[in-house]
Amino acid sequence: MSKNEVLLEVTEKHLNTGLRGIPVGTCRTSFVTPSEGVHYCGYPIAELAAFDPEDIVYLLFNKELPNEEQSAAIRQDLSNRAAVPGDLESVLKNLPKSGHPMDWLSVGIHTLGMMETTNNWKEDALNLIARMPRLMGLIFRIREGRGENIPSDDTSLSMVERFVQCLDLPNADSEKMKKIISTYLVLHMDHGGGNLSTFTGKAIASSKATVYSAMAGAMNALSGPLHGRANQSCLEFVLKVGTSDPAEVEAFVRAELAANRPIFGFGHAVLRSEDPRATVQFELGSQICPEDENFKIITTLREVAPRVLAENPKISNPNANVDIASGALLHHAGLTDPTYYTTFFGWARVSGIGAQIVDERSVFRDGKGLPIYRPKYIAEGQNLRHVE
Ligand code: AMX
């Protein structure tokens, strides 16, 4: 079966394959095509990249782009929900600094849920989205030992401005940082219904656990090296390349392949051309940081790696994926520690996963919601004497 074929009959050969290609439901927020990548509610991502994150939150929840009035209303609504209803700082200050930022993110989301849960799917999802900027800013500051004198949250600001204000990174160009993070958030908010973190979040919510429990679980799924943590690995890879000289980069790529190591930032399970989310970030980088060393490395990689990877016929897509450029841009913005990068991915995904949970819990089946997830497993290698 080809990867994009819709499977209508499950046979033995499909068992133990991680549900790959097996349809399990429908998705109202996004889909991915091999040529144009992810679409949110029908719009190709390249058309949405310049919108503010608040407008895309509106799109994912309402399935249409906001007009001017609706755009102002969603910003006001998110501002109204933004205040964290408890002492989140004290909880974060007691977490082990050795813990990965994704573990902090998961604990932080759980903590927000313990502070306030309305048990209304949409209310909780929007409250969490509105509180993410503060949680993100606090995680950075407290983990990095800058946990004192944190400015109070100015909830009248946009989501990205609130994060940047809380972060208060010395010597950072906050305008560039806002642009890079805003674009990053929009590009990463959703990616179909079946990616592991989204699927996990929806599966947990199907037990009628809270949005916060479901989202914390989704973040745990996202933290794995085969999923969201590829984001972190990509910049680590770029730093390892260490040169933008085309001949040296080519020698490096060939040596990595010879050693059976992946060329990070290239290839995709569904896309068959360059991911438009990579294209958008390359355009942004060429506007704001063309001379940045890491940006120069990824620009050379973008020219060299597809040519080398294409020599191997089993590689379905030798082109750049979303992760190639995001790390270099975040690094340029002053966010130089790649171990944090997956938390931005998680922050963005809270919107898509939240909207999908709301659909599955309160829209599908005429508003009744899906039943609890319960795929079938077939017994194997057990004492089956008592089975009729
Ligand atoms: N470097 C080295 N080998 C690669 C490769 C790459 N960039 N892309 C594909 N391959 C290999 C695969 O490992 C696989 O080898 P195998 O047959 O020995 O298992 C073979 O080529 C065929 O793979 P495929 O059908 O083209 O892709 P896939 O669906 O199996 O894997 C992906 C997709 C992204 C995991 C893979 O391209 C990869 O490992 N890329 C590098 C890591 C990376 O950038 N990850 C970020 C992914 C971003 C995203 O998807 N959001």
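The values are calculated or read from the model by the stated rules, or taken from the named source; none is laboratory data. Bear in mind that the values here come from a model prediction, so they are computed numbers and not experimental data. Using ideal geometry, Cβ is built from the backbone for each residue, glycine included, and neighbour counts are taken over all protein chains shown.
Name the single residue, out of those in segment 283-315 being in a helix (DSSP H, G or I) and small (Gly, Ala, Ser), that is farthest from residue 262 (Cα to Cα). Write out each step before concluding.
Taking segment 283-315 first, the residues in a helix (DSSP H, G or I) are 283-288, 293-309.
Still in the running and small (Gly, Ala, Ser): 285-286, 305.
Working: 285: 24, 286: 26, 305: 11 Å.
The extreme case among them is 286.
Only one residue in 272, 261 is assigned to a loop (DSSP other than H, G, I, E, B), within 11 Å of the ligand (Cβ to nearest atom), touching a residue at least 40 places away in the same chain (Cβ under 8 Å) and more than 30 Å from residue 130 (Cβ to Cβ). Which one?
Residue meeting the stated conditions: 272.
Using the structure shown, decide if residue 19 is closer than 25 Å to residue 135 by Cβ and either away from the ligand (no atom under 16 Å from the Cβ) or of a type outside the set (D, E, K, R) (or both).
no
Right, residue 294: free of Cβ contacts under 8 Å to residues at least 60 places away in the same chain and over 28 Å from residue 46 (Cα atoms) or not? Full working, then the answer.
On the way: free of Cβ contacts under 8 Å to residues at least 60 places away in the same chain: yes; over 28 Å from residue 46 (Cα atoms): no.
In short, no.
Which of the residues spanning segment 79-94 are of a type in the set (A, V, I, L, M), in contact (Cβ under 8 Å) with a residue 24 or more places away in the chain and farther than 19 Å from residue 341 by Cα?
Correct list: 82, 83, 84, 88.
If the requirement is being within 30 Å of residue 362 (Cβ to Cβ), more than 14 Å from the ligand (Cβ to nearest atom), in the same structural domain as residue 344 (by TED's automatic domain parsing) and not in a helix (DSSP H, G or I), which of these qualifies: 209, 203?
Details: 203 fails: not in a helix (DSSP H, G or I).
Sole residue among the options that is within 30 Å of residue 362 (Cβ to Cβ), more than 14 Å from the ligand (Cβ to nearest atom), in the same structural domain as residue 344 (by TED's automatic domain parsing) and not in a helix (DSSP H, G or I): 209.
Against the conditions (1) buried (at least 20 other Cβ atoms within 10 Å of the Cβ); (2) closer than 27 Å to residue 204 by Cα, where does residue 374 fall short? Just the number, please.
Residue 374 satisfies every listed condition except (1).
Scan segment 144-164 residue by residue and report those that are surrounded by 13 or more Cβ atoms within 10 Å (Cβ to Cβ) and within 18 Å of residue 81 (Cα to Cα).
153, 155, 157, 158, 159, 160, 161, 162, 163
Which of the residues that make up segment 293-324 are polar (S, T, N, Q), more than 7 Å from the ligand (Cβ to nearest atom) and within 17 Å of residue 232 (Cβ to Cβ)?
If the condition is that a residue be polar (S, T, N, Q), more than 7 Å from the ligand (Cβ to nearest atom) and within 17 Å of residue 232 (Cβ to Cβ), then 294 is the only one that fits.
Does segment 332-340 contain any residue that is farther than 27 Å from residue 47 by Cα and within 16 Å of the ligand (Cβ to nearest atom)?
Yes - at least one qualifying residue is present in segment 332-340.
If I filter segment 63-78 for residues that are surrounded by fewer than 18 Cβ atoms within 10 Å (Cβ to Cβ) and touching a residue at least 40 places away in the same chain (Cβ under 8 Å), do I get at least one hit?
yes
Look at segment 12-57 and say how many of its residues are within 26 Å of residue 206 (Cβ to Cβ) and out of contact with any Lys or Arg (no Cβ under 9 Å at 6 or more places or on another chain).
Here the count works out to 17.
Which of the residues that make up segment 225-246 are in a loop (DSSP other than H, G, I, E, B), at pLDDT 95 or above and at negative phi?
Listed by number, the residues that qualify are 243, 244, 245.
Could you give every pair whose Cβ atoms fall below 7 Å, whose first residue belongs to segment 306-331 and is of a type in the set (Ser, Thr, Tyr), and whose second residue is within 11 Å of the ligand (Cβ to nearest atom), counting only separations of at least 6 or pairs across chains?
Hits for this filter: 316/272; 326/231.
Please tell me if residue 353 is within 16 Å of the ligand (Cβ to nearest atom), surrounded by 24 or more Cβ atoms within 10 Å (Cβ to Cβ), not hydroxyl-bearing (Ser, Thr, Tyr) and not in a loop (DSSP other than H, G, I, E, B).
Working: within 16 Å of the ligand (Cβ to nearest atom): yes; surrounded by 24 or more Cβ atoms within 10 Å (Cβ to Cβ): yes; not hydroxyl-bearing (Ser, Thr, Tyr): yes; not in a loop (DSSP other than H, G, I, E, B): yes.
When the stated conditions are applied, residue 353 passes them.
Somewhere in segment 341-350, is a residue near the ligand (Cβ under 10 Å from one of its atoms) and either assigned by TED's automatic domain parsing to the domain that holds residue 271 or touching a residue at least 24 places away in the same chain (Cβ under 8 Å) (or both)?
Yes, there is a match, as at least one residue in segment 341-350 is near the ligand (Cβ under 10 Å from one of its atoms) and either assigned by TED's automatic domain parsing to the domain that holds residue 271 or touching a residue at least 24 places away in the same chain (Cβ under 8 Å) (or both).
Under 7 Å between Cβ atoms, at least 6 apart or on separate chains: pull out the pairs that start in segment 126-146 with a residue that is in the same structural domain as residue 98 (by TED's automatic domain parsing) and at pLDDT 95 or above and end on any residue that is of a type in the set (Ser, Thr, Tyr) and part of a helix (DSSP H, G or I).
Final answer for the pair search is 128/212; 129/351; 136/343; 139/343; 140/340.
Within segment 165-185, restricting attention to residues that are among the hydrophobic types (A, V, I, L, M, F, W, C) and within 26 Å of residue 94 (Cβ to Cβ), which residue is surrounded by the fewest Cβ atoms within 10 Å (Cβ to Cβ)?
169
Could you pull out every one of the helices (runs of 4 or more DSSP H) wholly within segment 10-99 that has 2 or more residues that are of a type outside the set (Asp, Glu) and touching a strand residue (DSSP E or B) at 6+ places or on another chain (Cβ under 8 Å)?
The helices (runs of 4 or more DSSP H) meeting that bar are 45-48, 53-62.
Of the residues 215, 189, only one is crowded, with 20+ Cβ neighbours inside 10 Å and farther than 20 Å from residue 34 by Cα; which?
Residue meeting the stated conditions: 215.
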